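Presented below is the structure to which this report refers.
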Amino acid sequence: MKATRFGRNAAIAVLAVGALALTACGSDNATGAPAATQSAAGVKVTGTLTGIGSSAQGAAMDAWKTNFASANPGATVQYSPDGSGAGRKAILDGSAQFAGSDAYLTDAELASSKTKCGTDGAINIPVYISPIAVAFNIPNVKDLKLDATTVAKIFRGQITNWNDPAIAALNAGVTLPDLKVTPVNRSDDSGTTQNFTDYLASAAPSVWTDKAAGLWPASLKGENAKGTSGVVKTVTDTPGAVTYADDSAVSGKLGTAQIKVGSDFVKISADAAAKAVELGKPVAGRPAGDLSIKLDRTTTDSSAYPVVLVSYHVVCTTYDKQATADLVKAFESYVVSDAGQQAAAGSAKSAPLSKALQDKAKAAVDSIKAKA
């Protein structure tokens, strides 16, 4: 989605937030301040909400924080983009009121969440859909066509030069340099890594023999950097380097690959990412309100871009204080609203949630409560 399409909705975004009922912030950061005066837009709020997690959500989160604070001058959302693994750890140990994660909680994490989040534990609410770019720094080359097997071989170190016959065979007419391939991976526990390795393990299992995981396989040697910005900077500074990163962070800086789906090559786009999510299925065995999605990485539908992440806000179903529950509900209601989704699309080129998924997300948010 283009930023211009959504820029007109900034005012709508802040007005939508103001209509959400709130009083004050939650357990660790409550200010104790009374609710702001009511206006035509609704009840204003005060307090500080703390989140930790996904760096891929960074641009979207900046927009959400700004708009939420604009509608509620006494309210602040603090967010540390320390990685999805750090975010999930923080919600499980109670050091944050919500987590941003590009991977949904595992069954073990869901069970563990009951310690801090009540008997119903935590739930995963999708808030951000974005394609993961296979991004590279090859002088005079901005577009390549790659299939899953070739991508897997590049990141396993089995293809070591950009003029390798396997790459050349997919890119007739492209002048490929005699240049070393330098794969760059995330050094931190990353939901982007989880999604990227899930794609490789599903679509190229004969080459990518490791299981999908948030931590890059220790057996694979190469360059690494922390966070989305870290890998993008490393690749930008290193001719011949290649990485995987949220598309919002690489646009205009690096070349990106088209990915083979079925018999066609699909360009990276928000619309194609949204289609891939539409083809996904709910994760089985999850509690009511949990909206974890199992993506189909091997689809042959050429309108879908399968190297995609669905990023979640992981929230408790039950908070210690009503004020905390109210604040979380207000912020998340804005995030999944039309205004919130359009603000994210404008700043991060993400794909807005579909109407059906948006309705489910709002219902999940509404189910959040405080201990009796």
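The values are calculated or read from the model by the stated rules, or taken from the named source; none is laboratory data. Not measured: the values here are computed from a predicted model. Note: ideal-geometry Cβ built from the backbone for every residue, glycine included; neighbour counts use all protein chains shown.
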For Ala364: the one exception among (1) surrounded by fewer than 24 Cβ atoms within 10 Å (Cβ to Cβ); (2) within 27 Å of Val250 (Cα to Cα):
(2)
Being in contact with a Ser or Thr (Cβ under 9 Å, 6 or more places away or on another chain) and either without any contact (Cβ under 8 Å) to a residue 40 or more places away in the chain or more than 16 Å from Val127 (Cβ to Cβ) (or both) is the filter here, so list the residues in the range 342-366 that pass it.
Gln358, Lys362, Asp366
I'm trying to understand the selection: among the residues of the range 164-185, which are free of Cβ contacts under 8 Å to residues at least 60 places away in the same chain and of a type in the set (D, E, K, R)?
Asp164, Asp178
Just the residues that are closer than 23 Å to Thr228 by Cβ and assigned to a loop (DSSP other than H, G, I, E, B), please, taken from the range 305-337.
Tyr305, Pro306, Val307
Got at least one residue in the range 169-191 being in contact with a Gly (Cβ under 8 Å, 6 or more places away or on another chain) and assigned to a helix (DSSP H, G or I)?
yes
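Looking at Gly222, Gly230, Gly157, which one is within 19 Å of the chain's Cα centre (by Cα), under 26 Å from Gly83 (Cα atoms) and outside the structural domain of Gln57 (by TED's automatic domain parsing)? Can you show your working first?
On the way: Gly222 fails: within 19 Å of the chain's Cα centre (by Cα); Gly157 fails: within 19 Å of the chain's Cα centre (by Cα).
Every option except Gly230 fails the conditions.
Every residue, every condition in (1) in contact (Cβ under 8 Å) with a residue 24 or more places away in the chain; (2) on the phi < 0 side of the Ramachandran plot; (3) surrounded by 22 or more Cβ atoms within 10 Å (Cβ to Cβ); (4) among the polar types (S, T, N, Q), yes or no:
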residue	(1), (2), (3), (4)
Ala203	yes, yes, yes, no
Leu220	yes, yes, no, no
Gly227	yes, no, yes, no
Thr243	yes, yes, yes, yes
Leu254	yes, yes, no, no
Ala257	yes, yes, yes, no
Gly280	yes, yes, no, no
